[in-house]
Amino acid sequence: MRRAEPRSAPSARSLGRAEKLAREARERGIRASNSGRPADGARYARAGLRHLGWAEDGEKSGAQHVHQAHRTLAARLLTILATAESKQGRTGYGLRLLDQAEALVPTENQGLLLLQRGWIFTRTGRDSDALSALGAAITLLDGDPAETYNLTAALINRSFVHLNRGEVGLARRDLTRCQWVAERSGDKLGELNAAKALHNLGYCDLLAGDLPAALQLFNAAADAFRRIAPSQVPVVAMDKARALLAAGLAVDAAAELDSALAAFRRQRLDHDLAEAELARSEAALAAGQPAVSWRWAAAARRRFLRHGNDAFACLAELARLRARATAAGRQATVAADAARLAQRLRGLGLSRDAELAELLGARALLAAGRPDEARQRLAATRGRGTVMPLPVKLMRRLAQAELAEREGRLGPALAELRAGLALVRTQRGRLGSVDLQTGTAALGVDLAAAGLRLALERDSAPLVFAWLERSRAQAFRVRPLSPPADPQAATALAELRQLSYLIREAELRGKRDPRLAARRAELQRELRERDWQASGGGLVSAQSSLGEVSAALAESRQSLVSILVRRGRMIAIVIRRGSVRLVELGDFARAAEAARRLNADLDTQAGRLLPTPLRAAIRESIRHQVQVLTTEIAEPLRSWLGDDGVVFVPTGVLVSIPWSVLPDMHGRPVTVSPSASSWLTAWRSGRAAGPPPSASPPPAPPLLIAGPDLEHAAREVTEIARFYPGCRPLLGETATVGAALRALDGAPLAHLAVHGHHEHENFLFSRLDLADGPLMAYDIQRLAAAPRHVVLSSCDVGRTVTRLGEEVLGFSAALLYIGTQTVISSVTRVADADAVSLMTEYHRLLAAGSRPAEALAEAARTGPFSPFVCFGGG
């Protein structure tokens, strides 16, 4: 028998060459794994290990021949190989490779191995094991400058585990620490993890209900990724789009999704592309574009089917079905397709989505003139599920209302619609808009629109008023501003949102987690018992009755004109001196075009030295547009308004009409409000604030701010300050964002002579220019107490835009949303010199005791073309 020959010791030269080749392979393996090529990463890691003497035989591998000098390097190569194998689905083998690596290095140097072990446990759903491994890794890696990147990676991975358990506060703590460590590391990899931390902190803020903070962090993360990891930008765009969709900003969400779609195509990330296409379909439907929604849903469905993802393919088909259901014609086909889809959804365990499909089918049968079949389908689905999500409940209410209408039972139809809107109001009041899915918000608009249509068919002014107010309430809805002040409620709410997301994700994978479902039910019960109400309600309040509004109008000697559009014609609900009537106005399209042209003309002439012929042409155009608006709106109202002040609740683009330009309204107090209920709330608040009793200390002097780059701003606020003893304006370098926000918090009166910029697409990013930067609309929404009366005297920041469902957006609306009672602002550009004289006179009258709307009307009397409007309570 031959004895084995002893292996000769390698030379120092051969050891050095082996180490050099292994390190090169390690770098290639890291780059390949980080670039999404795990198979290449595994190949490079194996090559490096072979250089060091590591042997592999199938799944039996060992490191007994690795030289002592190379043990640490071999361990690092084994971690790369373990990660790459795990990414390819061989997690058990990956863990065995880490066992080998663990035998090569002392305990105090095993932080990286524990990090990789924790990562694999996270991927396989072993949360407790992951937390244990990652916690040990963080302890070993902390304090070692050479391991800063791995420390930040461990913190990020542990934050993911916390989020998978619904522990949002613990996740935020790890991410905050990760960002702090990464930003101080001074290297590119640290910068990458800092960007990842920003992104995920934004997600935590979204769970907390703080949309402005979330958007800020998403933007910061996207900026960082553009510099160091452009492939990550579309991932941030997807989260940002979901946040915007939850807030009802569908147009903004669509823009984010379009950029993500283009990036996913370039990167050939087909499944991510399919998810983006499905989200794009939701955004289009929310924006009132059913044909566009159908195309995106069809594209997503085809892509999901290619990947064999039946659950998501069915969801895409459901989105396509919703888009088809809004179109005229072929509703019988929609009903048949809905029945087949519902059956497939139930087979996948998606019973709630199946219920939604069946209800879409029932509505399609009603539209096709087959009420008996629709009634049968509704009866068959009733009671199948005891706990249905809000969209399903609302769709059922809408279908039952349509069936009752078809059967001539208008009373029960209206009762169903009222009950549906009550559900929406309860959900908003408790949780805020961020919890209302896109489809839910659209259904709320549909419910209100159906009720308004039925009220108009009855030709009852009181009934139309009630339903128009319900419709306006759907538009002027609660903003997801900030977490509740109660820390326990804030924590519970963030966890509830995350658990709902996790339960839905598990459902789409065909899994159920009883622990998550039980915890969600416990949190829901806790929030109900605490009777917590969402913060940031602003002017959103219970719907006011006709009697309440009428009494307040009579007391304030005003009339109210609420305008709606039906079949292209405008109808006004006029409330004056205890009476309410419907008044036929003119053509909406003509009035809307005249309003747009009037604002463009006022923009053009504001503060510019124009050639005489051009100035004359613009003035003639202004007179023509004013005449059109007078013919279509003011003339039909003339005999009903008398000399009263007027509260206008406009529709669409009419919200930006500078009403004092119309001869019928010139010199008359005019207030513009999103709804009669919001006007009443603001008016009551202003009356309650009133002048202080004689024994009380005098009110705080107003906040007066002069912004940069405005020639007359300092003179304007200095002149105004003369009317308010003790007032010290913020001028020059003292007019900072921080100083302005501190002074605005709860201010009784604030006058801002600053440049403004209206963001048409996202009102949260409308801004005012101050000495050290912009004061954003989202900054205003974080104030603890709203300023009561705000004057924006420069530029066009008073511009507004309306979205689907008559939602009013803009900087002025941002103030009204948080509870500011009155906002004076310009709806077009305004010349600085003109603003000085008008605003000085306005404050003189205000200080003498005039109401804001009265003071503005009197101050604007001397000029024919004032663009200033009084919004809110007046």
*Go through (1) open to solvent by less than 40 Å² (accessible area, probe 1.4 Å); (2) of a type outside the set (Val, Ile, Thr); (3) in contact with a Leu (Cβ under 6 Å, 6 or more places away or on another chain) one by one and return the number of the condition LEU211 breaks.*
(3)
*Check segment 819-835 and report whether any residue there is open to solvent by 30 Å² or more (accessible area, probe 1.4 Å), modelled with pLDDT of 80 or more, of a type in the set (A, V, I, L, M, F, W, C) and assigned to a loop (DSSP other than H, G, I, E, B).*
no
*Only residues that are in contact (Cβ under 8 Å) with a residue 24 or more places away in the chain, of a type in the set (A, V, I, L, M, F, W, C) and more than 18 Å from LYS393 (Cα to Cα): list them for segment 322-335, please.*
ALA323, ALA327, ALA332, VAL334, ALA335
*Could you say whether any residue in segment 80-100 is charged (D, E, K, R) and open to solvent by less than 20 Å² (accessible area, probe 1.4 Å)?*
yes
*What number of residues within segment 322-362 satisfy the criterion of being open to solvent by 10 Å² or more (accessible area, probe 1.4 Å), closer than 26 Å to GLU505 by Cα and touching a Pro at 6+ places or on another chain (Cβ under 7 Å)?*
2
*Filter segment 101-122 for residues that are of a type outside the set (Asp, Glu) and surrounded by fewer than 17 Cβ atoms within 10 Å (Cβ to Cβ) and give the result.*
ALA103, PRO106, THR107, ASN109
_Single match in GLY166, GLY89, GLY190 (criterion: touching an Asp or Glu at 6+ places or on another chain (Cβ under 8 Å) and at positive phi)_ = GLY166
*Those residues that are touching a Pro at 6+ places or on another chain (Cβ under 6 Å), without any contact (Cβ under 8 Å) to a residue 40 or more places away in the chain and within 17 Å of LEU792 (Cβ to Cβ), I need them from segment 716-748; list them, please.*
VAL717
*Is it fair to say ARG242 is closer than 19 Å to SER500 by Cα and open to solvent by 40 Å² or more (accessible area, probe 1.4 Å)?*
yes
*Conditions: (1) open to solvent by 10 Å² or more (accessible area, probe 1.4 Å); (2) within 26 Å of the chain's Cα centre (by Cα). GLN625 meets all but one. Number of the miss?*
(2)
*asked:* Here's a check for you: in segment 573-604, which residue that is open to solvent by 30 Å² or more (accessible area, probe 1.4 Å) and modelled with pLDDT under 90 is farthest from VAL647 (Cα to Cα)?
replied: THR604
*Counting just the residues of segment 121-131 that are in a helix (DSSP H, G or I) and in contact with a helix residue (DSSP H, G or I) (Cβ under 8 Å, 6 or more places away or on another chain), which one comes out modelled with the lowest pLDDT?*
ARG123
*Tally the residues that are in a helix (DSSP H, G or I) and either open to solvent by 10 Å² or more (accessible area, probe 1.4 Å) or among the β-branched types (Val, Ile, Thr) (or both), restricting the search to segment 280-310.*
17
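Table: residues versus (1) free of Cβ contacts under 8 Å to residues at least 24 places away in the same chain; (2) polar (S, T, N, Q); (3) under 26 Å from SER678 (Cα atoms).
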{"residue": "ILE571", "(1), (2), (3)": "no, no, yes"}
{"residue": "ALA595", "(1), (2), (3)": "no, no, yes"}
{"residue": "LEU598", "(1), (2), (3)": "no, no, no"}
{"residue": "ARG615", "(1), (2), (3)": "yes, no, no"}
_Selected residue (criterion: most open to solvent (accessible area, probe 1.4 Å)) from residues of segment 842-861 that are at pLDDT 90 or above, part of a helix (DSSP H, G or I) and not hydrophobic (A, V, I, L, M, F, W, C)_ = ARG844
*Within segment 542-570, how many residues turn out to be touching a Leu at 6+ places or on another chain (Cβ under 8 Å), under 14 Å from PRO462 (Cβ atoms) and open to solvent by less than 40 Å² (accessible area, probe 1.4 Å)?*
4
*How about segment 701-790: which helices (runs of 4 or more DSSP H) wholly inside it have at least 3 residues that are farther than 23 Å from SER837 by Cβ and either open to solvent by 40 Å² or more (accessible area, probe 1.4 Å) or of a type in the set (A, V, I, L, M, F, W, C) (or both)?*
737-744
*Inter-residue pairs, beta-carbon under 6 Å, first more than 14 Å from ARG324 (Cα to Cα) and in contact (Cβ under 8 Å) with a residue 40 or more places away in the chain and in segment 278-306, second open to solvent by less than 10 Å² (accessible area, probe 1.4 Å) and acidic (Asp, Glu), 6+ apart*: none
*Residue list for segment 662-688, filter: in a loop (DSSP other than H, G, I, E, B) and either out of contact with any Ser or Thr (no Cβ under 7 Å at 6 or more places or on another chain) or of a type in the set (Val, Ile, Thr) (or both)*: MET665, GLY667, ARG668, PRO669, SER673, PRO674, SER675
*All helices (runs of 4 or more DSSP H) inside segment 343-426 with 3 or more residues being at positive phi*: none
*Would you point out the residue of segment 649-660, among those that are surrounded by fewer than 24 Cβ atoms within 10 Å (Cβ to Cβ) and of a type in the set (A, V, I, L, M, F, W, C), that is modelled with the lowest pLDDT?*
VAL653
*Among (1) open to solvent by less than 40 Å² (accessible area, probe 1.4 Å); (2) touching a residue at least 60 places away in the same chain (Cβ under 8 Å); (3) closer than 30 Å to ALA367 by Cα; (4) out of contact with any strand residue (DSSP E or B) (no Cβ under 7 Å at 6 or more places or on another chain), where does ALA247 come up short?*
(3)
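Given the options ARG530, ARG512, ARG497, name the one that is at pLDDT below 85 and crowded, with 16+ Cβ neighbours inside 10 Å.
Working: ARG530 fails: crowded, with 16+ Cβ neighbours inside 10 Å; ARG512 fails: crowded, with 16+ Cβ neighbours inside 10 Å.
Answer to the check: ARG497.
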*Subset of segment 61-79 (residues that are of a type outside the set (A, V, I, L, M, F, W, C) and either open to solvent by less than 60 Å² (accessible area, probe 1.4 Å) or part of a helix (DSSP H, G or I) (or both))*: SER61, GLY62, GLN68, HIS70, ARG71, THR72, ARG76, THR79
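The values are calculated or read from the model by the stated rules, or taken from the named source; none is laboratory data. The structure displayed is predicted, hence computed values, not measured ones. Neighbour counts run over all protein chains shown; Cβ positions are idealised from the backbone, glycine included. Calculation scope for accessible area: heavy atoms of the full protein, side chains included, ligands and nucleic acids excluded. Shrake-Rupley method; radii C 1.70, N 1.55, O 1.52, S 1.80 Å.
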